[in-house]
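Worksheet: the structure to be examined is printed underneath.
The values are calculated or read from the model by the stated rules, or taken from the named source; none is laboratory data. Please read all numbers here as calculations on a predicted model, not as lab measurements. FYI the Cβ positions are ideal-geometry reconstructions off the backbone, even for glycines, and counts take in every protein chain you see.
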Amino acid sequence: MFQIGPHQIDSQVILAPMAGVTDRPFRQLCRKLGAGLVVSEMVTSDASLWQSRKSRLRLDHTGEAEPISVQIAGGDAKMMADAARLNADNGAQIIDINMGCPAKKVCKKAAGSALLRDEPLVADILQAVVAAVDLPVTLKIRTGWDRDSRNAVRIARMAEDIGITALAVHGRTRADRYQGEAEYDTIAAVVDAVSLPVFANGDIDTPLKARQVLDETGARAVMVGRAAQGRPWIFREIDHFLRYGDNVPEPSLIEVRDILSSHLRDLYGFYGDFMGPRIARKHLGWYLQTVPGSEHFRQAFNRMDSAQEQHDSVLQYFEQLKAREDQAA
Ligand SMILES: Cc1cc2nc3c(=O)[nH]c(=O)nc-3n(C[C@H](O)[C@H](O)[C@H](O)COP(=O)(O)O)c2cc1C
């Protein structure tokens, strides 16, 4: 469908990088369910921090489907170049640069979307990273620093000149944080201005919305973040709709149970028996957020420390849901 360097991407829907969410188990699940590309959580460009448990887990790509795209963030060109090289040595096949994240932790150090204000620094960082690795380098930006300085088009042209191979644009400025509706006009202007593949991002939460955003912007693909939390099958739904123009049926209760069960097992395997059940809590909350009356079960689940107990309780809970569904039918 489109290329990123030598890599052929076969679906027009991509998982957005989300720190604390898009860990390896979640990325693998989304790929299996139709995401054409997944981007790993942000790894700090400060390699001295890589020995922390968190960074080590983020750097673990064992068994991941190719191409492996790893996101880096930071405000120093040399450190970013070093981080790109280290990630390349560690198995990354695409380096993605984060200039799209408004997180305080990142912005305070003038990284993420805060960089958009300083175009010469953006150029320095892009040049340094592109020169550092023999891999395609992609970039993720917002539409600008604030509404008065939407410089996405200028940044996009600069990125293309420097040799960036694909660009994801979140239709908000840094100052918007996550408020208001994403605006797609600036994304359309970026698409018009450059010839590299552009991915449209922001508030895409249904197959129809994906179609509309692609039509409105002319982007090569859509990138989906929050709507995939607890609903990883959204990639299959969007992928199918974009290909054939009709909807696949919602997953059955049994299928949701099976997806969740295998997701939990992967989390326990990846994070271990102590962290695994803790990380599982937020994912379970997302899966059940649209299930009426699930609050009580969620609270009970959150008190469980044992992986086995959590997993068994989910199977039992779905038995109850199924019985309720059968009764209603
Ligand atoms: C919990 C969370 C963590 C995020 N972490 C990152 C990140 O590490 N790097 C990045 O480029 N964007 C990050 N983002 C931004 C998303 O990639 C995406 O641009 C944003 O959520 C808008 O897309 P959506 O409306 O589909 O969620 C994060 C967003 C959320 C909600």
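Looking at 138, 143, which is the one that is over 16 Å from residue 72 (Cα atoms) and of a type in the set (Val, Ile, Thr)?
143
Is there a residue being of a type in the set (A, V, I, L, M, F, W, C) and either touching a residue at least 40 places away in the same chain (Cβ under 8 Å) or under 20 Å from residue 67 (Cα atoms) (or both) anywhere in the range 139-150?
yes
The rows are residues; the columns are (1) surrounded by 19 or more Cβ atoms within 10 Å (Cβ to Cβ); (2) within 15 Å of the ligand (Cβ to nearest atom); (3) in the same structural domain as residue 122 (by TED's automatic domain parsing); (4) under 19 Å from the mean Cα position of the chain (by Cα).
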site	(1), (2), (3), (4)
6	no, no, yes, no
22	yes, yes, yes, yes
38	yes, yes, yes, yes
41	yes, yes, yes, yes
47	no, no, yes, no
60	no, no, yes, yes
75	yes, yes, yes, no
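For residue 252, only one of the following conditions fails: (1) more than 17 Å from the chain's Cα centre (by Cα); (2) more than 24 Å from residue 26 (Cα to Cα); (3) among the small types (Gly, Ala, Ser). What is its number?
Of the numbered conditions (1) more than 17 Å from the chain's Cα centre (by Cα); (2) more than 24 Å from residue 26 (Cα to Cα); (3) among the small types (Gly, Ala, Ser), the odd one out for residue 252 is (2).
Can you tell me which residue is modelled with the highest pLDDT among those in the range 150-175 that are under 21 Å from the mean Cα position of the chain (by Cα) and among the basic types (Lys, Arg)?
Filtering the range 150-175 for residues that are under 21 Å from the mean Cα position of the chain (by Cα) and among the basic types (Lys, Arg), the one modelled with the highest pLDDT comes out as 172.
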